[in-house]
Amino acid sequence: MDLRMQRRVLVILTLAAGLLRLAAGLQAADHPNFTGNWQADPKASDFGPMGPPDKAVMNVTHKGPEVTIHSELVLAGNSRAWDATCKTDGKDCKSTNGEVTLTLSWQGDALIMNRALSFNGMAVKIKETWTLSADGKTLTSARSLQTDQGGADQKIVFTKS
C-alpha cells in the first residue's frame, strides 16, 4: 500500500471513530439527566390525602444508564431514608438496606420507577414517573401509591438546590 492510500485509510478510520463517539454522545443525550440535590416544594406539590411531609429531599447522581438515589422523608417527626443504585434497564434492584425493591426504565423522556416496600407493616407499591423541566431546575414526580387499604395519587414538585 502506497503512502497516499495509507493516509486515506487513516483519515477514513479517524472520521469513523469520530462519528461513533458523536453517535454515542447523542444517544446518551436522548434522555434527561436527573443529577442534583432536590427538595420538595410543598406549595407546588399535591400530596393527596397524606398531606405534606415535614421534609422530602433526594440526592440523585445520574451517569448514563446508572442512577444513584438517596431519598429522605420526614413525616410527623419520623425520618425514613433509603439509598439505591440501579440501571435504567427495567431489572430489579434493591436499596442498600434491602427494604426497597426498585425497577427503573425509560418511557420517552420520563424515567419510570416502580418501588415495592413495607411501611408500618403494610405492603406499599409505588409507580413514580419523573420528568425534568426544560431548564433542568424542576423535577416533577407523579406518583401512584397502592396498599392493601387502597390507593392515592401524588404530584411532588422538587426544586434543585
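Contact annotation: residue pairs with Cβ atoms under 6 Å, 6 or more positions apart or on different chains, pairing a residue in segment 28-51 that is of a type in the set (D, E, K, R) with a partner that is at pLDDT 95 or above, are D41/V157; D41/T159; D46/K155. So is S79 modelled with pLDDT under 90 and over 15 Å from F158 (Cβ atoms) or not? No: the conditions fail for S79. Checked against the criterion of being farther than 20 Å from L139 by Cα and part of a strand (DSSP E or B), segment 59-72 contains not a single residue that satisfies it.
Being charged (D, E, K, R), at pLDDT 95 or above and surrounded by 14 or more Cβ atoms within 10 Å (Cβ to Cβ) is a property that D46 lacks. Comparison of A152, A134, A123, A116 shows that the only residue that is in contact with a helix residue (DSSP H, G or I) (Cβ under 6 Å, 6 or more places away or on another chain) and either at pLDDT below 95 or surrounded by fewer than 17 Cβ atoms within 10 Å (Cβ to Cβ) (or both) is A152. Of the candidates L104, L111, the single residue that is at negative phi and either out of contact with any Cys (no Cβ under 9 Å at 6 or more places or on another chain) or outside the structural domain of H62 (by TED's automatic domain parsing) (or both) is L111. Filtering segment 150-159 for residues that are of a type in the set (K, R), under 17 Å from the mean Cα position of the chain (by Cα) and under 19 Å from N37 (Cα atoms) leaves a non-empty set. In this structure, is K160 touching a Gly at 6+ places or on another chain (Cβ under 6 Å) and closer than 19 Å to K55 by Cβ? Criteria met by K160. The residue that is nearest to G64 (Cα to Cα), among those in segment 33-48 that are within 18 Å of the chain's Cα centre (by Cα) and among the aromatic types (F, W, Y), is F34.
The values are calculated or read from the model by the stated rules, or taken from the named source; none is laboratory data. Bear in mind that the values here come from a model prediction, so they are computed numbers and not experimental data. In this analysis, Cβ positions are derived from the backbone assuming ideal geometry, glycine residues included, and neighbour counts consider all displayed protein chains.
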